[in-house]
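Novice: Quick one: this structure, given as structure tokens, is what I'll be asking you about.
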Amino acid sequence: MQNNTFSTLFVGQNLIKLSAVDSTNNYLKKLASNSEPLAEGTVIMADHQFAGRGQMNNEWIAEAGKNLTFSLLLRPNFLKVPEQFLLNIAVSVALNEVLLKYLPSGLSIKWPNDIYVENKKIGGILIENVIVGSNIKHSIIGIGLNINQSDFTGELKSKSVSLSQILQQDVNLMALLKEICTQIEQLYLKLRAGMYTNLKELYVSKLYRLNKVASYTADGKVFEGIIEGISNEGLLKIKPIDGETVEFGFKEVAFIN
Ligand code: BTN
């Protein structure tokens, strides 16, 4: 276990820093499946990922040494499989709250777990759960945040933004990681204590396009609708302007700009 100065109980207490790896999620997944028990809260961070992974088999591309790319091990075995969205809520809200200290306006959570500033993505979360029976044995929580990258290429140029682009100054990566670990731990402990009603309300209140008319596509059709919230399982509730509210799963609906 490596020592660090994080004032947390367990998140980030075992911090492993790598200069390069395929994906911190892959690395942590292998480590967690070894016979040696790995401490809950272990964080793997990398300066560079050469095969970083995003949601829906997308790549996660981040300039080496400029961003936060890390994975965290949690053991939320108090959550049943249908409740797994609660972990997503806790992590998304934690990231949103830390970034709020730097960016007082424009932040939101694009369902299910993209962190947005206005209409651009500043971060994403890839949670990979290992399920045994009806409970979650452990979760690999991969987080990518655009921090000091000054330029994005290709299609990311119009879609992504970094903290330093907005603030016009660089931010200390380790200090930010420490704040994130602290905030995730606080919300995770709330979850563990069963105090998630407020957390869910907070998450919904931060949703990108909440209560606004916007365009979506589902089943090959484009429609206008209003995000109303989420179901207990984390499905997105959209009310089409000319119809009844529909609940969508992750791959069933796409946002149109
Ligand atoms: C997304 O928005 O698509 C999720 C992006 C998650 C990226 C992070 S970076 C650290 C961790 N390792 C990976 O390979 N992916 C996650």
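The values are calculated or read from the model by the stated rules, or taken from the named source; none is laboratory data. Please read these numbers as outputs of a predicted model, since none were measured by experiment. Please note: Cβ atoms are built from the backbone with ideal geometry, for glycine as well, and neighbour counts cover all protein chains shown. Each accessible area value is taken on the protein alone, full model and side chains, heavy atoms only, with ligands, DNA and RNA left out. Shrake-Rupley method; radii C 1.70, N 1.55, O 1.52, S 1.80 Å.
Novice: May I ask you to list the residues in the range 215-237 that are part of a strand (DSSP E or B) and in contact (Cβ under 8 Å) with a residue 60 or more places away in the chain? Can you show your working first?
Specialist: First pass over the range 215-237, keeping only residues part of a strand (DSSP E or B): 215-218, 221-230, 236-237.
Scanning the range 215-237 gives Ile227, Ile230, Leu236.
Novice: Of the conditions (1) among the polar types (S, T, N, Q); (2) open to solvent by 60 Å² or more (accessible area, probe 1.4 Å); (3) under 21 Å from Arg53 (Cα atoms), Asn113 clears all except one; give me its number.
Specialist: Asn113 satisfies all of (1) among the polar types (S, T, N, Q); (2) open to solvent by 60 Å² or more (accessible area, probe 1.4 Å); (3) under 21 Å from Arg53 (Cα atoms) except (2).
Novice: Look through the range 60-87, keep the residues that are within 15 Å of the chain's Cα centre (by Cα) and within 13 Å of the ligand (Cβ to nearest atom), and return whichever of them is farthest from Leu126 (Cα to Cα).
Specialist: Among residues in the range 60-87 that are within 15 Å of the chain's Cα centre (by Cα) and within 13 Å of the ligand (Cβ to nearest atom), the one farthest from Leu126 (Cα to Cα) is Asn67.
Novice: Which condition breaks for Asn88 when tested against (1) of a type outside the set (Gly, Ala, Ser); (2) surrounded by fewer than 18 Cβ atoms within 10 Å (Cβ to Cβ); (3) touching a residue at least 40 places away in the same chain (Cβ under 8 Å); (4) on the phi < 0 side of the Ramachandran plot?
Specialist: If we test Asn88 against (1) of a type outside the set (Gly, Ala, Ser); (2) surrounded by fewer than 18 Cβ atoms within 10 Å (Cβ to Cβ); (3) touching a residue at least 40 places away in the same chain (Cβ under 8 Å); (4) on the phi < 0 side of the Ramachandran plot, just (2) comes out false.
Novice: If you go through the range 33-80, how many residues are among the aromatic types (Phe, Trp, Tyr) and surrounded by fewer than 16 Cβ atoms within 10 Å (Cβ to Cβ)?
Specialist: Keep residues of the range 33-80 that are among the aromatic types (Phe, Trp, Tyr), which gives 50, 60, 70, 78.
Applying the additional criterion that residues be surrounded by fewer than 16 Cβ atoms within 10 Å (Cβ to Cβ) yields 50, 78.
Total meeting the criteria: 2.
Novice: Pairs please, first residue from the range 27-48 and under 27 Å from Ile61 (Cβ atoms), second anywhere and more than 16 Å from the ligand (Cβ to nearest atom), Cβ atoms under 6 Å, 6+ apart in sequence or on different chains.
Specialist: Qualifying pairs under 6 Å: Leu31/Leu38; Ala32/Leu38; Thr42/Asn14.
Novice: Keeping to the range 159-214, report how many residues are assigned to a helix (DSSP H, G or I) and in contact with a strand residue (DSSP E or B) (Cβ under 8 Å, 6 or more places away or on another chain).
Specialist: Number satisfying all stated conditions: 13.
Novice: Please indicate, with yes or no, whether at least one residue in the range 199-214 is more than 28 Å from Leu72 (Cβ to Cβ), out of contact with any Lys or Arg (no Cβ under 6 Å at 6 or more places or on another chain) and open to solvent by 90 Å² or more (accessible area, probe 1.4 Å).
Specialist: yes
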